[in-house]
């Protein structure tokens, strides 16, 4: 059932791309057709700590989106990150305490990389909702970087935020938002990783974030 829901969600997002050249309705004029954005913390994380630190996720994320009209926006998402503990440890599980004690750390790292699709709907003024589907290839390594195995999962996220344009021509913008995510088909975890993954959830709720971007 979960597999079917994910496949349906994926194709529903893809179907939004088909509206670009719709023969029925005339394309609505928009101030900017494309936008590029990324999470603000990617910049601050690299300034504040070393790339090779044990708790550095080494995250890179980039979004390229097309404004179909003033309400519907579709895009492509590229993301890669390195996990040092299960992603399913939520705030109420004592996430910050576990980061400090390192009690749930993997016996190595899990690198996840993928390219997916997104659909964003403007709801009211700057308020928007977004759904993203990101298939990911996984690489497990030990602490010395030696490869232990490969895996695959589908990472889905759901966002609610507010779009704030900046400047006279509204070329720049920020999008404060909160999002929740869940994942499935997570498999082939090596021993030591699997025990920790099975211990925790396959979702994370209410993660705050800020995206910054430019229209063109």
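The values are calculated or read from the model by the stated rules, or taken from the named source; none is laboratory data. Worth saying up front: this structure is predicted, and the values here are computed from it rather than measured. Because the Cβ atoms are built from the backbone with ideal geometry, glycine has one as well, and the counts that use them run over all protein chains shown.
Some points to look at:
- Near pairs, Cβ below 7 angstrom, 6+ apart or cross-chain, from the range 40-59 (more than 18 Å from residue 101 (Cα to Cα)) to any residue that is at pLDDT below 85 and surrounded by 12 or more Cβ atoms within 10 Å (Cβ to Cβ): 59/42
- The lone exception for residue 201 - which of (1) in contact (Cβ under 8 Å) with a residue 40 or more places away in the chain; (2) more than 16 Å from residue 85 (Cα to Cα); (3) not in a strand (DSSP E or B) it fails: (2)
- Enumeration of residues in the range 154-182 that are touching a strand residue (DSSP E or B) at 6+ places or on another chain (Cβ under 6 Å), in a loop (DSSP other than H, G, I, E, B) and touching a residue at least 60 places away in the same chain (Cβ under 8 Å): 171
- Test result for residue 207, in contact (Cβ under 8 Å) with a residue 40 or more places away in the chain, under 22 Å from residue 38 (Cβ atoms) and in a strand (DSSP E or B): no
- Filtering 106, 119 for residues that are farther than 18 Å from residue 59 by Cα and in contact with a helix residue (DSSP H, G or I) (Cβ under 8 Å, 6 or more places away or on another chain) leaves a single hit, 119.
- Considering each residue of the range 103-117 in turn, at least one proves to be surrounded by fewer than 17 Cβ atoms within 10 Å (Cβ to Cβ) and either in a loop (DSSP other than H, G, I, E, B) or at pLDDT below 95 (or both).
- Candidates 173, 216, filtered to the one that is more than 30 Å from residue 92 (Cβ to Cβ), under 22 Å from the mean Cα position of the chain (by Cα) and either surrounded by fewer than 14 Cβ atoms within 10 Å (Cβ to Cβ) or at pLDDT 95 or above (or both): 173
- When the range 47-100 is filtered for residues that are on the phi > 0 side of the Ramachandran plot and in contact with a strand residue (DSSP E or B) (Cβ under 8 Å, 6 or more places away or on another chain), only 58 remains.
- Some residue of the range 76-91 being out of contact with any helix residue (DSSP H, G or I) (no Cβ under 8 Å at 6 or more places or on another chain), modelled with pLDDT under 95 and not in a strand (DSSP E or B): yes
- Flag for residue 151 being in contact (Cβ under 8 Å) with a residue 12 or more places away in the chain, surrounded by 14 or more Cβ atoms within 10 Å (Cβ to Cβ) and within 28 Å of residue 72 (Cβ to Cβ): no
- Restricting 143, 123 to those that are at negative phi, assigned to a strand (DSSP E or B) and at pLDDT 95 or above reduces the list to 123.
- Residue selection: residue 160 fails the criterion of being modelled with pLDDT under 95, surrounded by fewer than 19 Cβ atoms within 10 Å (Cβ to Cβ) and either under 19 Å from residue 204 (Cα atoms) or within 11 Å of the chain's Cα centre (by Cα) (or both).
- Search result, residues across the range 37-58 that are modelled with pLDDT under 90 and within 14 Å of the chain's Cα centre (by Cα): 40, 41, 42
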